[in-house]
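The values are calculated or read from the model by the stated rules, or taken from the named source; none is laboratory data. Here the structure is a predicted model, which is why all the values come from computation and not from measurement. In this analysis, Cβ positions are derived from the backbone assuming ideal geometry, glycine residues included, and neighbour counts consider all displayed protein chains. Protein only, heavy atoms only, side chains kept; ligands, DNA and RNA dropped before computing areas. Shrake-Rupley method; radii C 1.70, N 1.55, O 1.52, S 1.80 Å.
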Amino acid sequence: RKRQEISCPIYPADPANMMAASGWPKGAGQTIVGPLINGAATGIGRGRQQDHPMRTLDGKVAIITGASAGIGYEAARLFAAEGARLVVVARRRLELDRLVDEIGAAGGDAVAIAGDVRDPALAVAAVAMATSRFGGLDIAFNNAGATGPNLPVPALGDDDWHMVIDTNLTAAFLG
């Protein structure tokens, strides 16, 4: 098996405690380091379970934005498989409900909040849901992102520019 080390930033709310609780090397700061075996990242995935019977995110609570598709959707499935309880956030309610049902069917626990990450009230609601339903918040995976129209920057209108900046930067600041 081919083995390499990779880094995956997930920005836990309390990196020192999360690292210690999940058996990761000290000094990794806000980056979790895990093995890459046969091209598959296993640092927080199923391959890690072979090394340690405790799932790496047992007892942790995470908010994942942009969870209705792509990386956010798969990250939510992976975090839940590793024991995290989740608040999943995105604009598309039907896709979020499908994700919550899938996580529940696999034995996980998740709740969905639909809304636009550019809305400061959504960040407040997500944190409130994490604390009221699960008792706290350990991880914020600010995954939601937007690219805007495929135009040279000088051709972008003010609204397009602000949509990209607000989605990619301001929303992460709020979350």
> Measuring with a 1.4 Å probe in the full set of protein chains, what accessible area per residue, in whole Å², belongs to the stretch 96-175?
Replying inline: 57 Å²
> Over the stretch 103-147, with a single point scatterer placed on each C-alpha, what log10 of the ratio I(q)/I(0) does the Debye formula yield at q = 0.17 1/Å?
Replying inline: -0.58
> At a probe radius of 1.4 Å, what is the per-residue accessible area of SER132, in Å² to the nearest 10?
Replying inline: 90 Å²
>> What's the ranking of 148-156, 79-87 by average number of surrounding C-beta atoms within 10 Å, highest first?
In response: 79-87, 148-156
> Sorted from largest down, what three extents in whole angstroms do the Cα atoms of the stretch 50-175 have along their principal axes?
Replying inline: 53, 30, 27
